[in-house]
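Worksheet for the structure shown next.
The values are calculated or read from the model by the stated rules, or taken from the named source; none is laboratory data. What you are looking at is a predicted structure, and each value in this text was computed from that prediction instead of being measured. Reconstructed Cβ throughout: ideal geometry from the backbone, glycine too, with neighbour counts over all protein chains shown.
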């Protein structure tokens, strides 16, 4: 039998080639199963500067939209289990500004499945700060489509979900609610608003024009920044091992251990939407051969990506997860070479583990 290093050599080669081609300055990857880790790897340097530190498996990344599934969806699951929320709750029950005949029946499930009618993104940060401004503007926007007739991936919907989760918990913020989960499960370096002593090991993102500086340990997403770094759509920072611990907790929950939520709740979260033409589940995306997870994960796989160059895919049928963290937006977001790399990495992982 080939050694672990030999089996996973194609994956590490793909990552190092990507660094050489400037797909990203650095990357970390973790591959594992229900009961352990099969591969840890780190490559590249934190920036392209000649004296930049080398990446290690403990390098911290801005997880961007992985926040939606790791933090927000997990917090929502806990609130469902506690009876504080129901997926069928009309959004107007929680958000007073959400008014109008065209949106009366929109539910929390619709937000989680990106089927609420909301547009994808708006640069609200240019003239909005704080919850009140964001909530009112998002809630009074003309809807882009009739709810549940289609799905448009929407940061705006998850911003509202963050507000709902805070109110359902009696005013306890997403950051505090998620930190309770992370501490209980001993996830390690995975949190909102990373402390100052993480900065030296944090991969910088963009030299961001609006703020006029290199972002390191500061949320990349401008709307997340205007909301103080804690939001339903972004804000989480973490390492590959910490995200891997989360993935293992999720796999173990599916086997009957209520680590992240009641197993029945998690089963409902994974159920694909009935919205026409959508690949979404509750919070998560599901496997398509055109998605970032490649062609070799099973139809049961769920996952998500983050704008900064991050992704997490979990395949319960194959007892497998793949964490890929990069800072592909350094020094600029105008670099989409990672789009072809992600499927290749996941296909190589499955091939390496196939007897």
Condition met for residue 277 (under 20 Å from residue 32 (Cβ atoms), assigned to a loop (DSSP other than H, G, I, E, B) and in contact (Cβ under 8 Å) with a residue 24 or more places away in the chain): no
Pairs with Cβ under 7 Å, 6+ apart, first in segment 339-355 and without any contact (Cβ under 8 Å) to a residue 60 or more places away in the chain, second crowded, with 18+ Cβ neighbours inside 10 Å and assigned to a helix (DSSP H, G or I): none
Among (1) part of a helix (DSSP H, G or I); (2) more than 17 Å from residue 311 (Cα to Cα); (3) touching a residue at least 60 places away in the same chain (Cβ under 8 Å) - the single one residue 5 does not satisfy: (3)
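The rows are residues; the columns are (1) buried (at least 23 other Cβ atoms within 10 Å of the Cβ); (2) more than 19 Å from the chain's Cα centre (by Cα); (3) in the same structural domain as residue 33 (by TED's automatic domain parsing); (4) within 14 Å of residue 64 (Cβ to Cβ).
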{"position": "195", "(1), (2), (3), (4)": "no, yes, yes, no"}
{"position": "198", "(1), (2), (3), (4)": "no, yes, yes, no"}
{"position": "212", "(1), (2), (3), (4)": "no, yes, yes, no"}
{"position": "218", "(1), (2), (3), (4)": "no, no, yes, yes"}
{"position": "228", "(1), (2), (3), (4)": "no, no, yes, no"}
{"position": "233", "(1), (2), (3), (4)": "yes, no, yes, yes"}
{"position": "243", "(1), (2), (3), (4)": "yes, no, yes, yes"}
{"position": "246", "(1), (2), (3), (4)": "yes, no, yes, no"}
Meets criteria (free of Cβ contacts under 8 Å to residues at least 60 places away in the same chain and either assigned by TED's automatic domain parsing to the domain that holds residue 309 or under 26 Å from residue 79 (Cα atoms) (or both)) for residue 151: no
Enumeration of residues in segment 43-88 that are over 22 Å from residue 219 (Cα atoms), surrounded by 17 or more Cβ atoms within 10 Å (Cβ to Cβ) and touching a strand residue (DSSP E or B) at 6+ places or on another chain (Cβ under 8 Å): 43, 87
